[in-house]
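Some notes on the structure that comes next.
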Amino acid sequence: MALYLVQHGKSLPKEQDPEQALTEDGIADVKRIAAVAKGYGVKPSRILHSGKLRAKQTAKLIAEQLEPSGGVSPRNGLDPNDDVAAVAGYLDPKEDLMVVGHLPFLERLTSLLTSGLPEKLVFKFQNGGIVCLDLDRERHAWYIKWTLMPQIG
């Protein structure tokens, strides 16, 4: 199983756009990262996203490249301050799932899965980046397998 965690692309400030749609740079970053992921053969079975516009836009842009067989759909419980333990509880080890969401949720979920402590920062996300977690079945432990980030350095 691969779990792909994606922070939504760069979005407009709430003062400029209450819905916080993606910026042109945000759209370009997400398209670029999705194309790289496709080139590496990344193939999630489905993509879940929060109900916020910026996450929905990001999920749809990624789906255009990766074509998940199970499609793209919103999922409750993926907002910035939602309970990460609830999501960890419904992960299916047989499914390659992509989740598009927000901070601090994604960082807390990554920390919970890899260290058991949601408050311990184990990876710093970037807008439009993908973090791939995998489950080591022998050790029954999640680990960060790889990442694709719009910015390095």
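None of the figures in this text is laboratory data; all of them are computed from the coordinates on show. Just so it is clear, the structure is predicted and the values come from calculations on it, not from any experiment. All Cβ positions, glycine included, derive from the backbone under ideal geometry; neighbour counts span all protein chains shown.
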Return V84, V36 ranked ascending by Cβ neighbour count within 10 Å, so the fewest neighbours appear first.
V36, V84
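Hey, fewest Cβ within 10 Å first, where do T58, T23, T110 land in order?
Values: T58 31, T23 18, T110 24.
So the ranking, lowest neighbour count to highest, is T23, T110, T58.
When the Kirkwood hydrodynamic radius is evaluated over all pairs of different C-alpha atoms of the chain, what value in angstrom, to one decimal, is obtained?
15.3 Å
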Over 25 Å between Cα atoms: which of K52/K94; K31/K56; K31/K120 fall into that group?
K52/K94; K31/K120
When only Cα pairs under 8 Å and 6 or more residues apart are kept, what is the percent relative contact order across the chain?
30 percent
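For the stretch 1-62, run through the trypsin sites (Lys or Arg not before Pro) and keep only the ones in DSSP coil with at most 12 other Cβ atoms within 10 Å of their Cβ. Please list the in-between numbers first.
On the way: sites: K10, K14, K31, R32, K38, R46, K52, R54, K56, K60; in loops: K10, K14, K52.
Sites meeting the loop and neighbour criteria: K14.
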Pairwise centroid distance, computed over Cα atoms, of the stretch 66-88 with the stretch 109-137, Å:
15 Å
For the Cα atoms of the chain, what angle does the longest principal axis make with the long axis of helix 24-39, in degrees from 0 to 90, nearest 10?
40 degrees
Straight-line reach from K124: which aspartates and glutamates have a Cα under 12 Å away, not including same-chain ones fewer than 8 places off?
E107
At A86 and K124, where each label point lies 7 Å from the Cα along Cα→Cβ, what is the point-to-point distance in nanometres?
3.0 nm
